[in-house]
Amino acid sequence: MAHRVTGVLIFFFLFVHVLDTALVRVSPQAYDDVVATYKTPIVALLEYGLVAAILFHALNGLRVIAVDFWIKGARYQKQMLWTVVAVWIVLMLGAIYPVLGHAARELFGS
């Protein structure tokens, strides 16, 4: 279920990204205004959520491939899921500063 949810969330992000990038051809000033809103701490949290969704979707996709194409995949799918979750948590902890560092400096000073 989480794989489908992250896939849909990533799709909506890509849809919005295409729309806001296309805005530059309609009105460069409007594009600049939209991009300026992306530098807020709230959007940084949303970016961290995007990183979380993409990372989980990618790792879980590898698990799904293993379940489908490895002869013992179905037998070990629960262990592989917990491995995916553990790797995801470690990588997400490592992504806190690179993704949210700017927002923290913005809120609390440097």
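The values are calculated or read from the model by the stated rules, or taken from the named source; none is laboratory data. A quick note: this is a predicted structure, and the numbers were derived from the prediction, not measured. Cβ atoms come from the backbone with ideal geometry, glycine included; neighbour counts cover every protein chain shown. Calculation scope for accessible area: heavy atoms of the full protein, side chains included, ligands and nucleic acids excluded. Shrake-Rupley method; radii C 1.70, N 1.55, O 1.52, S 1.80 Å.
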Separation between Cα centres of the range 29-52 and the range 57-85, rounded to whole Å: 33 Å
Reference-scaled alpha-carbon Rg (2.2 N^0.38 Å with N residues) for the range 1-80: 1.53
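Roughly to the nearest percent, how much of the accessible area of the range 24-96 is carbon and sulfur, given a 1.4 Å probe? It would help to have the intermediate numbers written out before the result.
Working: 3720 of 5170 Å².
It is 72 percent, rounded to a whole number.
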Sparsely packed trypsin sites (Lys or Arg not before Pro) within the range 1-65, loop by DSSP, other Cβ within 10 Å at most 12: Lys39
Inter-probe distance in nm under a simple model that places probes 7 Å from Cα toward Cβ, at Thr37 and Val5: 2.5 nm
Nitroxide proxy distance, nm - points 7 Å out along Cα→Cβ at Leu14 and Arg105: 3.2 nm
The chain - accessible surface per residue (Å², probe 1.4 Å): 74 Å²
Under the Karplus curve 6.51 cos²θ - 1.76 cosθ + 1.60, θ = phi - 60°, whole-Hz ³J(HN,Hα) for the range 49-55, x wherever Gly or Pro sits: x, 5, 4, 4, 5, 5, 5
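What chymotrypsin sites (Phe, Trp or Tyr not before Pro) in the range 24-110 are in a loop by DSSP, with at most 12 other Cβ atoms within 10 Å of the Cβ?
Counting only loop positions with at most 12 other Cβ atoms within 10 Å, the chymotrypsin sites (Phe, Trp or Tyr not before Pro) in the range 24-110 are Tyr38.
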Computed lengthening from Ser27 to Val87, 0.36 nm per intervening residue step minus Cα-Cα distance: 17.4 nm
J(HN,Hα) series, the range 75-81, from Karplus relation 6.51 cos²θ - 1.76 cosθ + 1.60, nearest Hz, glycine and proline x: 5, 9, 5, 5, 5, 5, 4
Under the Karplus curve 6.51 cos²θ - 1.76 cosθ + 1.60, θ = phi - 60°, whole-Hz ³J(HN,Hα) for the range 99-108, x wherever Gly or Pro sits: 8, 9, x, 4, 5, 5, 5, 5, 7, 10
